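Just so you know, all these numbers are worked out from the coordinates, no wet-lab data involved. Computed from a prediction, not measured in an experiment: that's the story for all the values here. Reconstructed Cβ throughout: ideal geometry from the backbone, glycine too, with neighbour counts over all protein chains shown.
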Amino acid sequence: MADVEIPLPIVGQDVVKDAPLPEPWGVLLAHPNPDGSRKSCVNCMMWARTDQCAIHDPDLIIEADHICGYHVFGTPMEVMPTRPSIHDQPNIQYVDPDYSGLDSVPGGTSCDLCMYYEPIGENYEADGVEGGLCHQISALDENPPAPVGPLMCCAAWDDGSEPETLEPENPEPVETPPMPDSEGNPY
Ligand code: SF4
Ligand code: SF4
């Protein structure tokens, strides 16, 4: 049988052209903070006031006005709990800040501060969401734009500015006291 030369596709060529925009789950779209604030480490349950985050390397200084795509609204911790230290667990793999979207954004993030947001108005409502449209994601029927609210946010948030270069090392290791167990004894 004669050799037949099969042309290989150029990686990504047609895929990129035909790729639909992600649906809300593909960018971790989050509903508004219940207290009306914008998304920030200071209102994330994974942040500790020792300038650390439970899912990033503890040597990375992460301040109150930082934010990443994994934000979960909640009360931050005073110190990082030790049980033994959450950071000493052998199997933990920290989130890479280059992939988590970690950045400093004073004032926090929200759709209404994002370059992809189109405000429609208070009376606009679609799919149970009021406020505006996002041109970076598809609605649940796979057709963009997606309805979003002004204080929603997602991992694709972008205000169009250059991200800040973060301090790579925490100069002073932070001592954290052990977290007490249910009977008040330290682990
Ligand atoms: S870096 Fe992300 S996960 Fe960590 S505290 Fe901040 S918002 Fe939360
Ligand atoms: S407007 Fe921006 S932050 Fe809001 S869903 Fe769209 S890309 Fe995400």
Give me the percent of Cα-Cα pairs in segment 40-107 that sit more than 19 Å apart, rounded to a whole number.
-> 24 percent
Residue order, fewest to most surrounding Cβ atoms within 10 angstrom, among E162, E78 = E162, E78
If each residue's Cβ is checked for other Cβ atoms within 10 Å, how do V105, V72 rank with the fewest at the top?
-> V72, V105
Quick calc: nm separation of the 7 Å Cα→Cβ label points for Y94 and E63 -> 1.8 nm
Computed FRET value (nearest 0.05) for E162 with E23, which takes r as the C-beta separation and R₀ as 35 Å = 0.80
Please work out how much length the chain gains when fully extended from V72 to H31, using 0.36 nm per residue of separation minus the C-alpha to C-alpha distance, in nm with one decimal.
-> 13.7 nm
Fewest-first sequence of I92, I137, I120 by Cβ atoms within 10 Å of each Cβ = I92, I120, I137
Modelled FRET efficiency - R0 35 Å, I120 with V42, Cβ distances, 0.05 increments | 0.75
